[in-house]
Amino acid sequence: MSSIQVRPATLRDAKAIAQVHTTSAIEAYRGLVPDDQLKSMSSLEKRQAYWREAIEFCEPQVQVAVDGDKIVGFVGFDRSRDPKTRPTTGEIWAIYAAPTHWNQGVGLALWDAARDGLQEEGCTTVTAWVPLRNERALRFHEMAGFKREMTTAKTSVLGSVKIEEVRLQRPLS
């Protein structure tokens, strides 16, 4: 039985969210991004400021997964940022679990919370952008019912590294 609880993030959670984001991203992108680039991506202060602002202005909406009193994951979701998408299209902006809690239901609990939140906002479909080489993230989203939209593949620049991303989509019902 999982002891994971999901709740809306508060401003006090920003540092813990930034820590989960940093450690998880470093682990997830190891081998996809050069080590020196990983180090430069891991500015805890920048991520903490970003998530603090997101929580304060609800853009995106942020929920945290808590195990006991420790934040072990988070999800940011809102309307799609993609141009020309319908106003009923939501987007998972970010979803991360601490590597110590991978494969323990944290991602599923966060996805359930995001799906409920997007449905409450009137969304009927949801998208997520995932690097093509991040097999863990692709597998997670596909197990959650997302399908790849290969015609959306694009190159994003992460520091000095180019990463191929693809949009995944699924109905919310």
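Any chance you could count how many residues in segment 83-99 are in contact with a strand residue (DSSP E or B) (Cβ under 9 Å, 6 or more places away or on another chain), at pLDDT 95 or above and closer than 22 Å to residue 131 by Cα?
Counting residues in segment 83-99 that are in contact with a strand residue (DSSP E or B) (Cβ under 9 Å, 6 or more places away or on another chain), at pLDDT 95 or above and closer than 22 Å to residue 131 by Cα gives 10.
Kindly provide the set of residues from segment 139-173 that are among the aliphatic types (A, V, I, L, M), loosely packed, with under 14 Cβ neighbours inside 10 Å and either closer than 18 Å to residue 27 by Cα or in contact with a helix residue (DSSP H, G or I) (Cβ under 9 Å, 6 or more places away or on another chain) (or both), ordered by number.
Hit for segment 139-173 is 143, nothing else.
Within the bounds of segment 111-127, is there any residue that is under 20 Å from residue 33 (Cα atoms) and in contact with a Phe, Trp or Tyr (Cβ under 8 Å, 6 or more places away or on another chain)?
no
Given the structure, is residue 114 buried (at least 18 other Cβ atoms within 10 Å of the Cβ), free of Cβ contacts under 8 Å to residues at least 60 places away in the same chain and small (Gly, Ala, Ser)?
yes
Which count do you get for residues in segment 122-138 that are open to solvent by 50 Å² or more (accessible area, probe 1.4 Å) and at pLDDT below 95?
Residues in segment 122-138 being open to solvent by 50 Å² or more (accessible area, probe 1.4 Å) and at pLDDT below 95: 4 in total.
Please find, among 48, 19, 5, the residue that is in contact with a Lys or Arg (Cβ under 6 Å, 6 or more places away or on another chain) and open to solvent by 50 Å² or more (accessible area, probe 1.4 Å).
Unique residue meeting the criteria: 48.
The values are calculated or read from the model by the stated rules, or taken from the named source; none is laboratory data. The model shown is predicted, which means the values in this text are computed figures rather than measured ones. Cβ atoms come from the backbone with ideal geometry, glycine included; neighbour counts cover every protein chain shown. For accessibility, only protein heavy atoms count, side chains too; no ligands or nucleic acids. Shrake-Rupley method; radii C 1.70, N 1.55, O 1.52, S 1.80 Å.
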